[in-house]
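For reference, the structure discussed in these notes is given below.
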Amino acid sequence: MTILAIETSCDETAVAIVKFGRKGKIKKIYANLVASQIKIHAPYGGVVPNLASREHERNLPLLLRQAQINKLIKKINFIAVTNGPGLSPCLWRGTNTARALARYYDKKLIAVNHLAGHIYSNWPFKFPALALIVSGGHTELVLMPEHLKYHLLGETRDDAAGEAFDKVARLLELGYPGGPLIEKLAREGNPKKYDLPRPMKYEANYDFSFSGLKTAVRYLMEKEKINKADLAASFQEAVIDVLRYKLNRAQEEFEIRNVVMGGGVTANQALRQALPQVKSPEPKLSLDNAQMIALAAYWKAKKGKFIKPENLEAVPNLMLN
Ligand code: KG4
Ligand code: ZN
C-alpha cells in the first residue's frame with residue numbers, strides 16, 4: 001500500500017509518499033519533505049496563522065512536485081491529510097489540496113488527526129499502549145487499548161508543554177522556537193538553582209498546567225538578577241518532573257508496559273533520558289512531518305476508514321477518537 005500524505009496544521013508544510021508492507025512496516029520512503037517556516041514567524045515570536053496559510057499555499061505545489069507526484073501517482077493508493085487539530089486557515093490549505101488531488105486522480109481519501117500522527121510516529125509498538133503527546137499545542141496523556149482507539153486520561157488546562165518552553169524562551173530573550181534554545185542553554189545550567197513550582201503534580205488526575213510555571217519564571221526575573229542558564233535548567237527540570245511523575249503514575253495505575261511519546265518536545269534529550277522506558281520517535285519524526293500522517297493513515301485504510309471528498313473539512317479543535 002502506498003500513501004501520499006499532506007500535513008499543514010501549523011507552521012510546517014509537509015508532504016510524504018510512503019510504501020508500506022504488512023503491519024505498517026515501511027518498505028520505501030519515496031519522499032518525506034518538510035518546508036519549515038521558522039524564519040518567517042521568528043520576528044513575531046510565534047506562528048501567525050495567516051502568514052502560515054499563505055506559505056502553505058506557496059509551498060504545497062513545490063513540495064508535491066519535488067516528491068515527484070506525477071511520476072508516482074499510479075503507485076499511490078490513497079491520499080491522506082491532517083484535518084485537525086490545528087490552525088483553521090492552515091488546515092484548510094491541506095484539506096482543500098488533498099480533496100482536489102483525490103478527485104482529479106480518483107483516489108480514496110483518509111482524514112488523519114494530527115495527534116494520532118504524533119502517536120503513530122513511534123510505529124511499531126504494542127497494545128495496550130500509553131501515549132504522552134507533548135507539542136506546541138498539546139499536552140495529553142492517552143490510553144490506547146488497540147489501533148485507532150483513544151481514551152483521553154488527561155490534558156493541559158492551559159499552556160501546552162512546548163508553548164511553555166516557547167514563552168519562557170521569550171522571557172529569557174533567547175528567540176523562537178524556544179524548546180531547542182532552552183535545552184541548549186540548560187545543558188550549562190544547574191537545574192537545582194531555582195525552586196520553581198510543580199503545577200498539579202500531586203493532584204489526583206492526569207491533567208497538567210504549565211502557565212503558572214511561566215509566571216513563576218517572570219516573577220523571579222522581576223525580583224532578582226537571574227542566571228539564564230540556571231533558570232533554563234530549573235524550568236526544564238520542572239516541566240520534565242511533572243511529566244515524568246504523571247506518566248509513571250498512569251503506567252502503574254493502568255498496568256501498561258508499552259509507552260510511547262510524540263510531538264515536538266520529545267526532541268528534548270533531557271526528557272528522553274528522564275523517561276528511559278518510553279519509546280520516542282526518531283528525531284526526524286519528532287517535529288511535525290507527513291510521514292507520521294501516512295503511518296496513522298495506513299491503519300485507517302486497513303480498517304476501511306475513508307472519507308468522502310465532499311465530507312472532508314478542517315476541524316481546528318478536532319478530538320482524538
Ligand atoms: O509537534 P510540533 O512540531 O508542533 C505542534 O504540533 O505544536 O511541536 C513544536 C513545539 C514547539 O513548542 C517547540 O518549542 C517544541 O516543540 N520543541 C522543543 C524542542 N524542540 C521543539 N521543546 C523542548 N525541547 C526541544 N528540544
Ligand atoms: Zn505537532
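Among the residues that make up region 95-109, is at least one of them near ligand 1 (Cβ under 10 Å from one of its atoms) and modelled with pLDDT of 95 or more? Among the residues of region 95-109, not one is near ligand 1 (Cβ under 10 Å from one of its atoms) and modelled with pLDDT of 95 or more, which makes the answer no. When LYS193, LYS167, LYS149 are screened for being modelled with pLDDT of 95 or more and within 30 Å of LYS75 (Cα to Cα), only LYS149 passes. Among the criteria (1) surrounded by fewer than 17 Cβ atoms within 10 Å (Cβ to Cβ); (2) of a type in the set (D, E, K, R); (3) closer than 22 Å to ALA42 by Cβ, the one GLU253 does not fulfil is (3). Among residues of region 102-123 that are without any contact (Cβ under 8 Å) to a residue 24 or more places away in the chain and in the same structural domain as GLU146 (by TED's automatic domain parsing), none has a Cβ under 8 angstrom from a residue that is of a type outside the set (Ser, Thr, Tyr) and not in a helix (DSSP H, G or I) at a sequence gap of 6+ or on a separate chain. Considering only residues in region 8-35 that are farther than 14 Å from GLN68 by Cβ and either away from ligand 1 (no atom under 16 Å from the Cβ) or of a type in the set (Lys, Arg) (or both), the one that is surrounded by the most Cβ atoms within 10 Å (Cβ to Cβ) turns out to be PHE20. Tally the residues that are assigned to a loop (DSSP other than H, G, I, E, B) and in contact (Cβ under 8 Å) with a residue 12 or more places away in the chain, restricting the search to region 139-162. The total comes to 9. Just the residues that are away from ligand 2 (no atom under 16 Å from the Cβ) and crowded, with 18+ Cβ neighbours inside 10 Å, please, taken from region 155-170. LYS167, VAL168, ALA169, listed by residue number.
Let's see how each residue does on (1) aliphatic (A, V, I, L, M); (2) within 19 Å of GLU237 (Cα to Cα); (3) in contact with a strand residue (DSSP E or B) (Cβ under 7 Å, 6 or more places away or on another chain):
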{"position": "VAL134", "(1), (2), (3)": "yes, yes, yes"}
{"position": "HIS147", "(1), (2), (3)": "no, no, no"}
{"position": "ASP166", "(1), (2), (3)": "no, yes, no"}
{"position": "GLY175", "(1), (2), (3)": "no, no, no"}
{"position": "LYS184", "(1), (2), (3)": "no, yes, no"}
{"position": "LEU196", "(1), (2), (3)": "yes, yes, no"}
{"position": "PRO199", "(1), (2), (3)": "no, yes, no"}
{"position": "SER211", "(1), (2), (3)": "no, yes, no"}
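The values are calculated or read from the model by the stated rules, or taken from the named source; none is laboratory data. Note that this is a predicted model, so its numbers are computed, not measured. Every residue, glycine as well, gets a Cβ built from its backbone with ideal geometry; the counts of neighbours run over all protein chains shown.
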